[in-house]
1. Dipole of the chain, Cα-centred, from +1 at each Lys and Arg C-beta and -1 at each Asp and Glu C-beta, to the nearest 20 debye?
2. What area, in nm² and to one decimal, does the C-alpha convex hull of the range 250-340 cast on average over all directions?
3. Could you report the range 49-121's accessible area per residue, 1.4 Å probe, as an integer in Å²?
4. Applying the Karplus parametrisation 6.51 cos²θ - 1.76 cosθ + 1.60 with θ = phi - 60° to the phi angles of the range 224-238, what ³J(HN,Hα) value in whole Hz is obtained for each residue in order, glycine and proline being reported as x?
5. Net charge near ASP222: determine it from the other residues with C-beta under 15 Å of the C-beta of ASP222, scoring Lys and Arg +1 and Asp and Glu -1.
6. Can you give me the Cα centroid spacing of the range 134-196 and the range 334-366 in angstrom?
7. Keeping every protein chain present and rolling a 1.4 Å probe, give me the accessible area per residue for the range 389-502 in Å².
8. Quick one: which residues, 5 or more positions from SER206 or on another chain, have an amide H under 5 Å from its amide H? H modelled 1.01 Å from N in the peptide plane, none for Pro or chain starts.
Amino acid sequence: MGLSPASVLAGVESVVTDQPNFLILMADQLSASALPAYGNRTAITPYVDLLASRGVVFDSFYCNSPLCAPSRFSMMTGLLPSKIGAYDNAAELASATPTFAHYLRRAGYQTILSGKMHFCGPDQLHGFEERLTTDIYPADFGWTPDWTRPEVRPSWYHTMDSVTQAGPCVRTNQIDFDDEVVYAARQKLFDIARSKDQRPFAMVVSMTHPHDPYTVPQAYWDRYEGVDIDMPRITIPVSELDRHSQRIRHVIGLDQQPVSSKQVLAARRAYYGAVSYVDDQIGRLLSTLEQAGLDQNTVIVLASDHGDMLGERGLWYKMNFFEGAARIPLIVSSPERYAPRRVAEPASLVDLLPTLCELAGVAPVVYADEPDGHSLVAQLEGNTGRGEVLGEYMGEAAIAPVVMIRVGSHKFIHSVFDPDQLYDLAQDPDELINLAQDPGYSEVVAEFRAEVARRWDLRAINEDVLASQKRRHRVYEALREGRFAPWDYQPVRDASKLYIRNDQDLNDLEAMARFPRP
């Protein structure tokens with residue numbers, strides 16, 4: 001899979017203009033620590049490595065909520081979950097809430113989504129002019145948590161089967177989905193290159209790998225044959241885990257279904273195989289971008305919605321603010337605009353909306369709500385930025401809102417029912433020493449507590465979460481009675497406009513479809 005198909009590119013011109021295209025590549029549950037670009041020595045990811053070598057790599061980049069839907073809604077709106085009711089994986093993003101797709105569309109962009117965004121509710125576009133695929137997950141309220149019954153494990157949530165049954169396969173739901181997502185995106189890039197529509201594009205290509213279950217096609221399993229798979233480094237006795245981590249173990253069934261070291265090894269091997277699968281799809285998209293002559297005027301953004309603990313601290317999946325679950329990659333590649341560099345300052349997904357808008361020339365005055373994020377253009381240009389991250393978690397395993405502040409090297413985690421956690425990531429990158437009870441850090445803890453009180457009304461948020469859960473349970477139960485009208489997105493494919501039809505002159509049609517033009 002080459003990135004310089006010179007014979008194909010003959011006659012194709014690329015131009016750099018003031019208003020760039022955007023190709024936003026998203027992986028699901030991809031930890032920064034799983035990539036060689038961030039120091040990993042196991043994963044095989046030549047195309048991500050290529051993006052990193054010629055792009056701007058953000059070393060301390062975070063999701064704002066370590067769960068799929070809240071994280072994605074925050075990314076798209078530039079707002080924290082509590083401001084938009086994005087509490088969990090069955091939360092509805094209000095249609096009246098502008099996203100970066102809305103802002104870019106108003107600025108003259110064609111906005112396109114291929115793949116997952118976990119929209120719940122009847123609005124399945126949220127500013128995207130075109131959606132190429134359906135979503136892999138349901139659009140209804142069936143996955144709404146219930147904080148009033150913390151002892152009950154949801155039947156639809158993660159279990160340890162993903163670990164105990166890890167290994168090679170032929171096909172899965174996720175392979176079917178991502179193959180379609182990438183095929184549709186590549187086809188759309190060629191359509192854009194052949195189109196008379198001269199608007200810039202903003203395309204999100206969102207895959208569901210390397211999200212569990214940890215199973216991959218044999219070829220990707222075999223890619224790691226003989227490779228020394230790194231195992232979890234941090235083991236903490238269950239009795240010494242923080243309370244939230246203990247609740248996570250309960251909600252994923254880890255206490256009822258322990259895993260062996262052999263199963264952990266298989267799960268991590270399959271995860272790395274899935275990372276390589278994502279990398280190969282990125283390679284195909286980069287090749288297509290170049291073949292279509294769109295590469296020089298396109299800013300490529302690689303990100304994820306959250307990470308995966310992969311057995312560290314005895315935990316799996318996400319749902320917490322430890323580095324494995326909350327720290328994710330952000331690589332911005334546009335060599336014609338930005339020299340390769342690394343950015344050490346903390347940043348997060350809510351910063352993407354103001355960044356994309358600034359690059360597209362959208363004036364901040366048009367924002368319906370002041371974003372919680374801040375543009376990263378200064379960092380892309382080699383200057384300093386704000387360097388702050390805020391996080392919220394209100395999903396499964398929580399019994400009250402959990403909030404996080406990352407400033408400098410300090411990370412502070414707070415919830416009203418749990419003891420505070422404070423870590424100095426410069427001295428303690430594995431987050432093994434909780435400084436919150438250390439008398440020497442009492443002033444630091446007091447300052448963080450004051451900042452939490454200033455930024456959040458946790459009592460009001462807690463009440464709204466409970467009310468939202470109750471409403472959604474009632475709506476879901478009612479809509480399942482009688483005739484069910486699903487909200488899942490149905491891609492539109494008009495066969496009357498495909499390939500060869502008699503409403504167009506055959507020679508004209510063939511000439512328009514050929515690329516490059518003869």
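1. Charge dipole, the chain, about its Cα centre: 620 debye, nearest 20.
2. Details: hull surface 30.5 nm².
Averaged projected hull area, Cα only: 7.6 nm².
3. Details: 1410 Å² over 73 residues.
I get 19 Å² per residue for the range 49-121.
4. 3J(HN,Hα) across the range 224-238, in whole Hz: 10, 5, x, 7, 6, 6, 6, 9, x, 9, 10, 10, 10, x, 4.
5. Working: positive: ARG223, ARG269; negative: GLU225, ASP280.
In short, 0.
6. So the separation of the two Cα centres works out to 28 Å.
7. Numbers: 6710 Å² over 114 residues.
Normalised by residue count, the accessible surface of the range 389-502 is 59 Å².
8. When sequence neighbours closer than 5 places are left aside, the close amide H contacts are MET26, SER114, GLY115, LYS116.
The values are calculated or read from the model by the stated rules, or taken from the named source; none is laboratory data. Just so you know, these numbers come straight off a predicted model, no measurement behind them. Cβ atoms come from the backbone with ideal geometry, glycine included; neighbour counts cover every protein chain shown. To get the accessible areas, we keep the full protein, side chains included, count just its heavy atoms, and leave off ligands, DNA and RNA. Shrake-Rupley method; radii C 1.70, N 1.55, O 1.52, S 1.80 Å.
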